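Step one of this worksheet: look at the structure below.
What follows is calculated from the coordinates using simple rules that are stated; it is not laboratory data. None of these values were measured; they are calculated from a predicted model. Cβ sites come from the backbone with ideal geometry, for glycine too, and all protein chains shown count toward neighbours.
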Ligand code: ATP
């Protein structure tokens, strides 16, 4: 059953050139949920997020966001429906200031979605507020990550796909990031968070999907995941 307010992915395949990378990924994110997308390096987390956004060639039995079939849509149309995406490489404008980066992300409000202004975003990420006039390229990796998220929020999305938001952050910033993401959830936003760090996922996630070899290997609560040694091994053995 398509979830009228969430994201439902069933049987997602994706290709880079001739190489098939995803082989039937299935996952769902309900309204107001934080869902972790877990898996070791190369399991297909980034490709899954890019395939949902239409940034790689893909097919699926079902690809539904807020009741609409996004399978045939190009990336800009999917984003315009209120699905935000923050890639792993951040892609902020390094020559533009924090304020200018935020303005570049501004879109009209969406009915029923949390609505953001730079002032509200500086409450969420106080570090950014102290650096409003600085170029994005002068900030640390962690601050750039926060700016990339804040810029996506300026589009007033219903849901955001986040690729490894805690990667490369100092331990204190990891805690700040987790707190900020939990605040977003309280505001009513839904998040799908691709993550390799199981401890970070435990701080946040209502449920998890685990990928292995480009397919969904496990779906369940974090407690069920912890109770399943085979899944834990698939995640932790390196
Ligand atoms: P990571 O933590 O390294 O980002 P991941 O779970 O996100 O891992 P993906 O980046 O989705 O994994 O990669 C899945 C597979 O697709 C890997 O085998 C990778 O080598 C391959 N792959 C990724 N990008 C490309 C590309 N542009 N062209 C060809 N193969 C690719």
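Just a few scattered comments:
- Residue check for residue 137: in contact with a strand residue (DSSP E or B) (Cβ under 9 Å, 6 or more places away or on another chain) and either under 28 Å from residue 30 (Cα atoms) or part of a helix (DSSP H, G or I) (or both): no
- The residue that is nearest to the ligand (Cβ to nearest atom), among those in the range 206-216 that are closer than 23 Å to residue 22 by Cα and in a loop (DSSP other than H, G, I, E, B), is 214.
- Segments classed as helices (runs of 4 or more DSSP H), wholly inside the range 1-108, with at least 2 members that are within 19 Å of the chain's Cα centre (by Cα) and within 10 Å of the ligand (Cβ to nearest atom): 45-52
- Of the residues making up the range 153-163, those that are touching a helix residue (DSSP H, G or I) at 6+ places or on another chain (Cβ under 8 Å) and under 18 Å from residue 208 (Cβ atoms) number 4.
- Test: residue 111 is surrounded by fewer than 19 Cβ atoms within 10 Å (Cβ to Cβ) and over 28 Å from residue 200 (Cβ atoms): yes
- One residue stands out in the range 200-234 among those that are over 28 Å from residue 176 (Cβ atoms) and in contact with a strand residue (DSSP E or B) (Cβ under 6 Å, 6 or more places away or on another chain): the one that is surrounded by the fewest Cβ atoms within 10 Å (Cβ to Cβ), namely 219.
- Of all residues in the range 184-205 being touching a residue at least 40 places away in the same chain (Cβ under 8 Å) and in a loop (DSSP other than H, G, I, E, B), the one that is nearest to the ligand (Cβ to nearest atom): 196
- Leading residue by the ranking (surrounded by the fewest Cβ atoms within 10 Å (Cβ to Cβ)) among those in the range 183-199 that are more than 13 Å from the chain's Cα centre (by Cα) and closer than 21 Å to residue 123 by Cα: 186
- Selection status of residue 173, within 29 Å of residue 97 (Cβ to Cβ), within 16 Å of the ligand (Cβ to nearest atom) and not in a loop (DSSP other than H, G, I, E, B): no
- Scanning the range 8-38 for residues that are within 15 Å of residue 161 (Cβ to Cβ) and touching a helix residue (DSSP H, G or I) at 6+ places or on another chain (Cβ under 7 Å) gives 9, 12, 14, 22, 25, 34, 36, 37, 38.
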